[in-house]
Amino acid sequence: MLQFQVEGMSCNHCVQAVTRAITARDAQARVSVDLGAGQVNVESRLPAPELAAAITDAGYAVTKTPS
């Protein structure tokens, strides 16, 4: 499980946008979003930088990526 700290998410539309962006790159990815904490948790075969790029491409700022 990879955990990303993300800024700019505030509603269910944001959750859907981030989830779509990640699953567009890995259809098998499992994504959960905690709006209150600003966290996106992902189980994926893709490396963290590629997942962070997907989140950024969806219009959100990744402020912390897993190492």
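Numbers below:
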| read-out | value |
| --- | --- |
| Protection proxy ranking of 6-15, 35-44 - average other beta-carbon atoms within 10 Å, highest first | 35-44, 6-15 |
| Rg(Cα)/(2.2 N^0.38 Å) for the stretch 28-67, N = residue count | 1.10 |
| Reciprocal mean inverse distance between Cα atoms of the chain - Kirkwood radius, Å | 11.3 Å |
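Each reported figure results from applying straightforward, stated rules to the coordinates on display, with no laboratory input. It should be emphasised that the depicted structure is a prediction, and the values quoted were computed from it without experimental measurement. For neighbour counting, all protein chains shown are included, and Cβ atoms are generated from backbone atoms with ideal geometry for every residue, glycine included.
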